[in-house]
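Structure first, commentary second.
Any read-out appearing in this document is the output of simple, stated calculations on the displayed coordinates, not a laboratory observation. Just so we're clear, the structure is a prediction, and the values are computed from it rather than from any experiment. Don't worry about glycine lacking a Cβ; one is built from the backbone with ideal geometry, like all the others, and counts go over all protein chains shown.
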Amino acid sequence: MTEDLSSRPCRCGETMVEIISVPEPTDHVPHPDPVRKGWFCFDCRRWEDAILRERIVDILRWVKR
């Protein structure tokens with residue numbers, strides 16, 4: 001997936017930003033990968049869920065922030 005999903009336009013005209021979650025480590029997965037939960041607009045407070053492949057986060061891009 002090469003599309004940048006870090007932000008997207010909102011219906012209100014502002015920009016929605018991605019919300020990332022990092023699951024708690026477990027005995028079976030000591031370093032879980034971050035997961036994109038969705039996008040949030042701070043202006044109108046709209047939320048959109050990430051679905052299927054949108055949930056995959058480019059770890060290298062995320063770490064460089």
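Laid out as a table, the results:
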{"read-out": "Förster-model FRET efficiency, 25 Å R0, R53 and E14, C-beta, rounded to 0.05", "value": "0.50"}
{"read-out": "Among [x] 46; [y] 71; [z] 31, the entry that matches percent of Cα pairs over 17 Å apart as calculated here", "value": "[x]"}
{"read-out": "Length released on extending from E3 to H31, taking residue separation times 0.36 nm less the Cα-Cα span", "value": "7.6 nm"}
